[in-house]
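The block underneath contains the structure these notes are about, expressed in structure tokens.
The values are calculated or read from the model by the stated rules, or taken from the named source; none is laboratory data. What you see is a predicted model; the values in this text were computed from it and never measured. All Cβ positions, even for glycine, are placed from backbone atoms using ideal geometry, and neighbour counts span all protein chains on display. To get the accessible areas, we keep the full protein, side chains included, count just its heavy atoms, and leave off ligands, DNA and RNA. Shrake-Rupley method; radii C 1.70, N 1.55, O 1.52, S 1.80 Å.
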Amino acid sequence: MLVLGLETSCDETGVALYDSAQGLLADALFSQIDLHRVYGGVVPELASRDHVKRVLPLIRQVLDEAGRTLQNVDGIAYTSGPGLVGALLVGASCARAMAFALDIPAIGVHHMEGHLLAPMLEEQPPEFPFVALLVSGGHTQLVRVDGIGRYALLGESIDDAAGEAFDKTAKMLGLRYPGGPEIAKLAEQGVSGRFKLPRPMTDRPGLEFSFSGLKTSVLNQWHKCRAAADDNEQSKADLALAFEQAVVDTLTIKCRRALEQEGLQRLVIAGGVSANTALRQSLEQMLAELNGEVFYARPRFCTDNGAMIAYAGCQRLLAGQHENLAISARARWPMMELEPV
Ligand code: KG4
Ligand code: ZN
């Protein structure tokens, strides 16, 4: 089955062609980062308008790259939530219109399920069951995964998502949007041990996260640097490193707790923050201690992309699932409500 996948939930237009027998045939991405950067974050209306401009040329591009035509496509998968409604509607209406014209099924895919399954596109995909850490700009969740659509929420953030904490902290330090990669880059120049930051909610039982206090701690330390006329590039790098280490330690402690609670030794990390090298290294080390294994996607498929949507949609279409003709776009949509495959 050849599936065309469309991702338009936020600030990247992602398109891909996935074949159930041959794997990923082509994928293309247009990132709107430069468009939003001057505003320090994503402007929804600009995002929607840009998706309209990019989506059809990108579809032509992946078809050409794969040497296929629209007539070869057996089904269409599009992100139908959660995300910015105006942006989602672009992918949803395009997918629906094409499916109607071609008389093929279309399916709305949950964006976080897309992220969660992205490591399945790699050479050694994880086997079920496993614990998944979903860390993106909008979500921080620990999920027990027994199969596609068989998800049990173990814990999540009670305030900011991990990626959001990276982005807000970066903004405070005068770094560019998106903050995650900027902080990670700056942290490489940092010296460890100078700033002490908390590991929120690790001193009590449970699998919940809270990152908004951490951001405030960074702000307080930065103000102290300013007051001492010590707000130079080295201080900024030291603080970026301290912040990254605090997030990484906190996530590692909670992942270990979740694996021990569930009696599992396989961990999948997915979403934009799973591209973070320090996080990967810390989790590799923890899993080595547990005789387990950590799985993640190549960096390009950690952040938003069309390949993960094509893959997730293909699994559901293969199982005979698809939707009626309604165009569905959902700003909020709990992943635990998904049907099992
Ligand atoms: O999954 P994603 O592309 O979009 C959402 O679904 O939200 O995640 C974007 C988030 C942003 O907050 C970004 O700062 C963060 O992922 N991110 C990173 C890194 N690359 C992206 N955070 C830390 N380290 C990175 N290398
Ligand atoms: Zn995402």
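In the stretch 275-290, what residues are farther than 16 Å from Gln265 by Cα and either touching a residue at least 12 places away in the same chain (Cβ under 8 Å) or within 16 Å of ligand 2 (Cβ to nearest atom) (or both)?
Initially, the stretch 275-290 is screened for residues farther than 16 Å from Gln265 by Cα, giving 275-279, 281.
If the condition is that a residue be farther than 16 Å from Gln265 by Cα and either touching a residue at least 12 places away in the same chain (Cβ under 8 Å) or within 16 Å of ligand 2 (Cβ to nearest atom) (or both), then Ala275, Asn276, Thr277, Ala278, Leu279 are the ones that fit.
Out of Glu188, Glu164, I need the residue that is within 14 Å of Leu241 (Cα to Cα) and either under 25 Å from the mean Cα position of the chain (by Cα) or surrounded by 19 or more Cβ atoms within 10 Å (Cβ to Cβ) (or both). Which one?
Result of the check over Glu188, Glu164: Glu188.
Just one of Arg54, Arg68 is assigned to a loop (DSSP other than H, G, I, E, B) and either in contact (Cβ under 8 Å) with a residue 60 or more places away in the chain or within 22 Å of the chain's Cα centre (by Cα) (or both); which is it?
Testing whether each residue is assigned to a loop (DSSP other than H, G, I, E, B) and either in contact (Cβ under 8 Å) with a residue 60 or more places away in the chain or within 22 Å of the chain's Cα centre (by Cα) (or both) leaves just Arg68.
If I ask for residues that are open to solvent by 40 Å² or more (accessible area, probe 1.4 Å) and on the phi > 0 side of the Ramachandran plot, which ones from the stretch 67-108 would you list?
Selection gives Gly67, Asp103.
Only residues that are assigned to a strand (DSSP E or B) and either among the β-branched types (Val, Ile, Thr) or farther than 16 Å from Gly313 by Cα (or both): list them for the stretch 1-40, please.
Once the filter is applied, which keeps residues that are assigned to a strand (DSSP E or B) and either among the β-branched types (Val, Ile, Thr) or farther than 16 Å from Gly313 by Cα (or both), the stretch 1-40 yields Val3, Glu12, Thr13, Val15, Ala28, Leu29, Phe30, Ser31.
Run Ser157 past the list (1) open to solvent by less than 10 Å² (accessible area, probe 1.4 Å); (2) within 16 Å of ligand 2 (Cβ to nearest atom); (3) among the hydroxyl-bearing types (Ser, Thr, Tyr) and report the number of the one that doesn't hold.
Checking Ser157 against (1) open to solvent by less than 10 Å² (accessible area, probe 1.4 Å); (2) within 16 Å of ligand 2 (Cβ to nearest atom); (3) among the hydroxyl-bearing types (Ser, Thr, Tyr), the one that fails is (1).
Applying the selection to the stretch 191-218, what residues are out of contact with any strand residue (DSSP E or B) (no Cβ under 8 Å at 6 or more places or on another chain) and either buried (at least 22 other Cβ atoms within 10 Å of the Cβ) or outside any loop (DSSP other than H, G, I, E, B) (or both)?
Hits for the stretch 191-218 are Phe195, Ser212, Gly213, Leu214, Lys215, Thr216, Ser217, Val218.
Any idea how many residues of the stretch 271-306 are within 12 Å of Leu133 (Cβ to Cβ), aliphatic (A, V, I, L, M) and assigned to a helix (DSSP H, G or I)?
Selection size over the stretch 271-306: 5.
When the stretch 71-83 is examined, which residues are found to be in contact with a strand residue (DSSP E or B) (Cβ under 7 Å, 6 or more places away or on another chain) and not in a strand (DSSP E or B)?
Scanning the stretch 71-83 gives Asn72, Val73, Asp74.
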